[in-house]
1. At a Cα cut-off below 30 Å, give the lysines reachable from LYS54, other chains included and same-chain residues fewer than 8 away excluded.
2. Please list the radius of gyration and Dmax for the stretch 26-136, considering alpha-carbon atoms only, with Å as the unit.
3. Once the stretch 1-91 is represented by equal point scatterers at the alpha-carbon sites, with solvent omitted, what log10 I(q)/I(0) does the Debye formula produce at q = 0.15, 0.19, 0.21, 0.26 Å⁻¹?
4. Need the full-extension length gain, GLU74 to ASN186, defined as separation in residues times 0.36 nm minus the C-alpha distance. One decimal, nm.
5. Please get the size of the charge dipole for the stretch 1-81, origin at its Cα centre, with Cβ charges of +1 on Lys and Arg and -1 on Asp and Glu, quoted in debye to the nearest 20.
6. What do you get for trypsin sites (Lys or Arg not before Pro) in the stretch 5-96 restricted to DSSP loop and a cutoff of at most 11 other Cβ within 10 Å of the site's Cβ?
7. Starting from the exponent 0.38 and prefactor 2.2 Å, build the expected Rg for the stretch 17-56 from its residue count and divide its actual Cα Rg by it.
8. Per the 1.4 Å probe, what fraction of the accessible area of the stretch 4-163, in percent, lies on carbon and sulfur atoms?
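The values are calculated or read from the model by the stated rules, or taken from the named source; none is laboratory data. Just so you know, these numbers come straight off a predicted model, no measurement behind them. Using ideal geometry, Cβ is built from the backbone for each residue, glycine included, and neighbour counts are taken over all protein chains shown. Side chains are part of the model used for accessible areas, which takes the heavy atoms of the whole protein and leaves out ligands, DNA and RNA. Shrake-Rupley method; radii C 1.70, N 1.55, O 1.52, S 1.80 Å.
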Amino acid sequence: MDDVLKKIEQYKIVPVVTIQKIGDAAGMLEGLVKGGLPVAEICFRTECAEEAIKLAVKKYPEMLVGAGTVINREQCERAIKAGAKFIVSPGLSKEVAKVCREKGIPYLPGVVTPTEIMKALSLGLTHLKFFPAGSFGGLKTIQALSAAFPQVRFMPTGGVSLENMNEYLSFPKIFACGGSWMMKGNAEEIEQNTRAAAAAFHAANALL
């Protein structure tokens, strides 16, 4: 479980991938791999999501594949069976947390309030998704919450872009950023967007 979280922290950016048609999956995922960011949070809200996770795991074994928008036990079990190595939710689900704990899979639930963070901590969860970040105060809110909960690390998602990701990532309590901005366009454009994101992060990191 810790190894997966360390990989996510190493990549720093978690592409949020929504696949509407299974025929689009290979090109979208290949764009990420070729762009130097072999990690994907495949949203489980489309009909082909389960199949897309299976395809990703089989076709791109070097890729860290997770499932996003998982909101109940049934989805969680299906996603893990398909090969998802981490689970992300827009909110906090006790039943999803229980399944992930039993399977030894990292669970990143969405939170925005102190009460939600306290509930997550009571379940033993310290790596949390801050969502939707742009609508709930962004970095300033995360900084304020971190003062009250120093044991928590955040992955802001929602409103994160190429332009502001390094501002988020410069804060030590943020272990990664989630976003879908690099997924716009065809496979070649996804590759270019991904390369640009990775290059921007490394350029900013080199200045530290």
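1. Within the straight-line limit of under 30 Å, LYS54 reaches these lysines: LYS6, LYS7, LYS12, LYS21, LYS34, LYS81, LYS85, LYS94, LYS98, LYS103, LYS129, LYS184.
2. Computed over the Cα atoms of the stretch 26-136, radius of gyration and Dmax are 14.1, 41 Å.
3. The Debye formula, applied to the Cα set alone, gives -0.48, -0.79, -0.98, -1.48.
4. Fully extending the segment from GLU74 to ASN186 adds 37.1 nm.
5. In debye, rounded to 20, the stretch 1-81 gives about 80.
6. LYS21
7. Dividing the Cα Rg of the stretch 17-56 by 2.2 N^0.38 Å gives 1.04.
8. The C+S portion of the solvent-accessible surface of the stretch 4-163 is 53 percent.
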